[in-house]
1. Hey, can you rank 400-411, 448-459 by average C-beta count inside 10 Å, highest first?
2. Residue separation times 0.36 nm, minus the C-alpha to C-alpha distance between Val424 and Gln400: what's the value?
3. Considering only the other residues whose Cβ falls under 13 Å of the Cβ of Leu504, what net charge follows from Lys and Arg at +1 and Asp and Glu at -1?
4. What net charge do the residues around His373 carry, taking every other residue with its C-beta under 13 Å from that of His373, with Lys and Arg at +1 and Asp and Glu at -1?
5. Along Cα→Cβ, 7 Å out, is where each label goes; now give me the distance between the ones at Val83 and Glu152 in nm to one decimal.
6. Place the peptides 190-197, 436-443, 465-472 in order of packing, highest mean first, counting for every residue the other Cβ atoms within 10 Å and averaging per peptide.
7. Mind ranking 101-111, 481-491 by how tightly packed they are, going by the mean number of other C-beta atoms within 10 angstrom, highest first?
8. Which net charge results for the neighbourhood of Asp254, defined as the other residues with beta-carbon distances under 13 angstrom from its beta-carbon, given Lys and Arg at +1 and Asp and Glu at -1?
Amino acid sequence: MSTKSSFRPLPLSPGEGRGEGESPAHNAPSPYPRPRGEGSNAQIHRREMLRRAGCGFGMLAAAELLGTPRLAVAGNRAANPLVPAATDIAPRAKSCIFLYMPGGPSQIDLFDPKPEVTKHHGKPLPIAKPKLMHSKTTDLFGSLWKFDRHGESGLEVSRLLPYIATQADELCVIRSMVADNINHTGASLQMNTGEQAFSRPSLGSWVTYGLGSENQSLPGFVVIAPQPPFQGAPLWSSSFLPATYQGTWIQNLDQPISDLPAKPNDLAWQRQKLDALNQLNQEHLRHRPFEGELDARIASFELAFRMQMEAPEAFDMSQETSAIKAQYGLGDPATDIFGRQCLLARRLVERGVRFVQVYDTGHPDSTNTWDHHGGIPKGLPDRCRGIDKPVAGLLADLKQRGLLDETLVVWGGEFGRTPTREGVDGRGHHPFGFTMFLAGGGVKGGHVHGATDDFGWWAVKDKVHVHDLHATILHLMGLDHEHLTYRFGGRDFRLTDVYGNVVLGILA
């Protein structure tokens, strides 16, 4: 891939090109303005005339200085917003699979052993707690499960995850994650979009906006969740980015996309209808050149037609061998749902889908499946059993197919759990020092980054904020988080806002 500066659309200021009496509802103009051809009889309004006459030559000069490839890409992206774009830096990964555990996995029971907590089980926490907490917790609550060292790296993994432990040398475990919010609402938004309170584009939307996708017959960003997680669609929304970049939600694993199959003898007739519809849409768009949602709607019709040819095969897991299905845990009631989610994720990235987000929401009683305020002796082993074999199967399958080096796998939730007890046998919300792991895609395998204190409360070494994690994911995908911007409402927005540093210590 090219290492020239990535395409960064430079949309016009809100309101440009809008005539008197037209609705200001879409204050985020299309980042892919369409030049009117010679002889066009479309009305040119005052602002459009001034922009062309007064700034036209200056804009051409600026484009030359800043890099002409963005203009060429803009032209291509007007017709197909998912066309692959150049990258800022050499990418380590071509695609990303984010395995999201809603509710917050307990790091002290899975990847961050704390002998001091076990030693002082039942005693008060000897260090200060923060003034603001989600719920009251009492004494120290030592882990009920032992840890063992695995692989050549000797990485410590809980006995709750015996299958993932076999992939220890592929894991880059970050024990020093920190977030800003103690509630699921804000924390899940921040982990998925970078913002705690307001609607912002999701991580997957930013990635596909910056890079496009390698397969023009499948969506660039796919979300696989049997039930909507806590917060739902805002976690994969494109917000003010063009609608093309929002996640395509796959809920029914037996029929991922409704009405997808097409009869071969219908395709020619369908193509004629689509061409006629496109002509009408283009005429409608000609008078509204800055309506990004119209661009997205036109592109979606074309993508839907192409998907009828390729998507049925991509979503058809019956083609997999019995050995591969067993590797992911298909057929076992405990692992079947998440196993099929992970297997579908592999099939999609194998076919060029840029970003796949897999939410563990298949539990019948709750979609916040890792939120163990109580009942952790039973609830945590049940959840680990549900994802352990599928996650390990995914990593092993990617590796044996030669895809792990170019696929970044991320595992974790919005925060972790307290080392102190909530109620009888639960743990509270804990954004002050928790664990996530990455694998493949340019990160160090068999590596532990950062640390919490002896009692597992505060991240004390090499802290990694959510913004840092996002900056690092973009970096591994070939994007500079400070350059990936979009102008909306009079200012330039980016995934990491004004924060974030690439975590160089985890790069291979």
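Values in this text are rule-based calculations from the coordinates and carry no lab data. The model shown is predicted, which means the values in this text are computed figures rather than measured ones. Here Cβ is always computed from backbone atoms with ideal geometry, including for glycine, and neighbour counts include all displayed protein chains.
1. Details: 400-411: 19.1, 448-459: 20.8.
Answer by packing, highest mean first, reads 448-459, 400-411.
2. Separation in residues times 0.36 nm, less the Cα-Cα distance, equals 4.2 nm.
3. On the way: positive: Arg92, Lys444; negative: Asp462, Asp468.
So the environment of Leu504 carries a net charge of 0.
4. Residues close to His373 contribute a combined charge of +1.
5. 4.4 nm
6. The peptides rank, most packed first, as 436-443, 465-472, 190-197.
7. Details: 101-111: 27.2, 481-491: 16.3.
Top of the packing list down: 101-111, 481-491.
8. -1
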